[in-house]
Amino acid sequence: MSIVAQERLIRPARNIYGSLRLPGDKSISHRYAMLGAFAEGVSRFTNFSTGADCASTLACMESLGAKISRPEDGAPQKDSIEITGVAGRVTPPDHPLDCGNSGSTMRMISGLLAAQQGRFTLIGDASLSRRPMERIRKPLEAMRARLTLTEGHAPLTIEGAPLKAIDYTTPVPSAQVKTCILLAGLQAEGTTTVHEAVRTRDHSELALRAFGARLTRTADSVSISGLQSRTEPPALHAIEAALPGDLSSAAFFLCAAAIFPGSNLVLDSVGLNPTRAALLDVLTMLGARISVLNLEERHAELVGAVRISALEDGLGSTAITGAVSAQLIDELPVLAAIGPFTGGGIRIRDAKELRIKESDRIALVAKNLRAMGAEVEEFEDGLDVPGGQTLHGAQIDAGGDHRIAMAFSVAALRAEGETLIHGAESAAISFPEFFDLLDSIAER
Ligand code: S3P
């Protein structure tokens, strides 16, 4: 897929107002796509993520033998897909699997392939090829698969093997690594257990159960039962699901609403899984008024509408540290970007992982805040963004990172003067509709 570089001009807004329904959750879409493609039967999903990352997962699973039917161009339901699974046995493709920009695709599919017969090569774009893959090599090799990395990174090659179960403690909190091990564990002999010091998002646990896998949990571990027999593949069945809106995409609009006193925004059918929803607590602590309506459960995922309004008194201050930093990892760039508009500032620590995401998000947030005239202090594992600052419009470098492009589009709404986002096309990695939807709720 060729991507054309784009710039976006963001003009300041007077207020944020309206109601929106957001495209499907990226994390859940990856998992449903992989499991639907691996299961037996036909899975059907509506409100599937429209982002390029999930398209990478679909394309990889298609190359491995699953049948994917996407809606025709111009069809009314652009986000409905149907997946016919491979019933537990993939076909090794004669070409490398291209994971694009998506760490989730590369790390999670590796777990699925570790137990399959054949040799698989996984590649990614320049950003993904810099991200650490040693973290999946260690557990998968302990289970007896063979992984060859390129200096710790992609391209990587997996030689699948009959796996044995392991008991593994993840050294850094990572839902992708946990998922990788669980997907391998599903196909291993015995029961595989993953211990984690901080409970990371549990979409894989919920999705695996929905597709028929057997899992048990304790406060700090999850165990998955492996093969019933050496000769039979794991028996997962197809499901149908309407995916919840993505809370990490919602974060940009929630943060935008939080910095405009008098705002009023409703987001319908958003995923509110408690392992993902720390943002709502942080915004509430900062002083935004948030209510959650129409709660329901879909395949054990909590879904509801979120209403946010900001009071005339403005926002206070907050410190995000420890386990909360890991749980909020994708929302930290936008929280830091709105820091100058709070009263007392935002302090972020214990977020070293931010440096090895799609970009070095600590460095890029600091650089772009400074470009807008803000004072900010950078730390190895976080940032201090003082409050009570006035920002001016500037040239923003998204650094090829979707969350940086979107975070600074939000900050630009409250800046004085216009802001030009360079690399705006990267928003399409998770949220192609972002700029149109932002325009639709920004009153000017
Ligand atoms: C994700 C886990 C997180 C997150 C990423 C999506 C997932 O990554 O940053 O956007 O869907 O499991 P890590 O597992 O590397 O923390």
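Remark: relative contact order (the chain) = 18 percent; criterion is Cα-Cα distance under 8 angstrom and separation of 6 or more residues.
Taking every DSSP beta bridge that has both ends in the chain, the antiparallel portion is near 65%.
Each Cα pair under 8 Å and six or more residues apart adds its separation to the average, and for segment 12-140 the resulting relative contact order is 24 percent. Could you give the distance between the Cα centres of segment 82-138 and segment 372-444, to the whole Å? Between the Cα centre of segment 82-138 and that of segment 372-444, the gap is 32 Å. Mean residue ellipticity at 222 nm, helices only, the chain: -8500 deg cm²/dmol; runs of at least 4 DSSP H residues each add -39,500 (n - 2.57), and the sum is divided by the number of residues.
For the chain, the number of Lys pairs with C-alpha atoms closer than 18 Å, counting only pairs eight or more positions apart or on separate chains, is 10.
Only the Cβ atoms of Lys and Arg (+1) and of Asp and Glu (-1) were treated as charged; on that basis the dipole of segment 10-99 about its Cα centre amounts to roughly 460 debye. Phi angles across segment 110-125 convert, under the Karplus curve 6.51 cos²θ - 1.76 cosθ + 1.60 with θ = phi - 60°, into 3J(HN,Hα) values of 4, x, 5, 7, 4, 9, 8, 6, x, 10, 10, 10, 10, 10, x, 6 Hz, Gly and Pro given as x. Relative protection proxy for 25-36, 194-205, 300-311, from highest mean packing down: 25-36, 194-205, 300-311 (other beta-carbon atoms within 10 angstrom).
I need the peptides 349-357, 106-114, 57-65 ranked by packing, meaning the mean over residues of other C-beta atoms within 10 angstrom, with the highest value on top.
Output ranking for 349-357, 106-114, 57-65: 106-114, 57-65, 349-357.
What the phi angles of segment 384-398 give under the Karplus curve with 6.51, -1.76 and 1.60, with θ = phi - 60°, is a coupling list of 10, 10, x, x, x, 9, 10, 9, 10, x, 7, 8, 9, 9, 6 Hz, glycine and proline written as x. Using only side-chain charges placed at the Cβ, +1 for Lys and Arg and -1 for Asp and Glu, the dipole size of segment 26-242 relative to its Cα centre rounds to 460 debye. Taking amide H as placed 1.01 Å from N in the peptide plane, TYR168 has its amide H under 5 Å from the amide H of THR193, VAL194, HIS195, each at least 5 places away in sequence or on another chain. A cut-off of 5 Å between modelled amide H atoms, ignoring neighbours fewer than 5 places along the same chain, links SER317 with GLY344.
The orientation-averaged projected area of the convex hull spanned by the Cα atoms of segment 65-176 comes to 8.5 nm².
Can you find, among ILE16, ILE329, ALA154, the residue farthest towards the positive end of the dipole of the chain? Put +1 on the C-beta of Lys and Arg, -1 on that of Asp and Glu. Most positive-ward Cα: ALA154.
Taken one residue at a time, the phi angles of segment 337-349 give Karplus couplings (6.51, -1.76, 1.60, θ = phi - 60°) of 5, 8, x, x, 8, 7, x, x, x, 10, 10, 10, 9 Hz. Gly and Pro are set to x. Amide H to amide H distances under 5 Å link LEU236 with GLU40, where only residues 5 or more positions off or on other chains count and H is placed in the peptide plane.
Express in % the proportion of alpha carbon pairs of the chain at distances exceeding 34 Å.
29
For segment 26-242, the relative contact order is 21 percent, taking Cα pairs closer than 8 Å that sit 6 or more residues apart in sequence and dividing their mean separation by the residue count. One compactness figure for segment 26-242 is 0.94, namely its Cα radius of gyration divided by 2.2 N^0.38 Å. Along the axis of the charge dipole computed for the chain (Cβ charges of +1 for Lys and Arg, -1 for Asp and Glu, origin at the Cα centre), the listed residues PHE435, SER269, ALA5 are led at the positive end by SER269.
To check you understand DSSP bridge types, tell me what percent of the beta bridges within segment 26-242 (both residues inside) are antiparallel, rounded to 5. Let's see the in-between values first.
Values: 24 of 35 bridges.
If we restrict to bridges inside segment 26-242, about 70 percent are antiparallel.
Here, each number is a calculation from the coordinates, and none is a lab measurement. It should be emphasised that the depicted structure is a prediction, and the values quoted were computed from it without experimental measurement. Cβ atoms come from the backbone with ideal geometry, glycine included; neighbour counts cover every protein chain shown.
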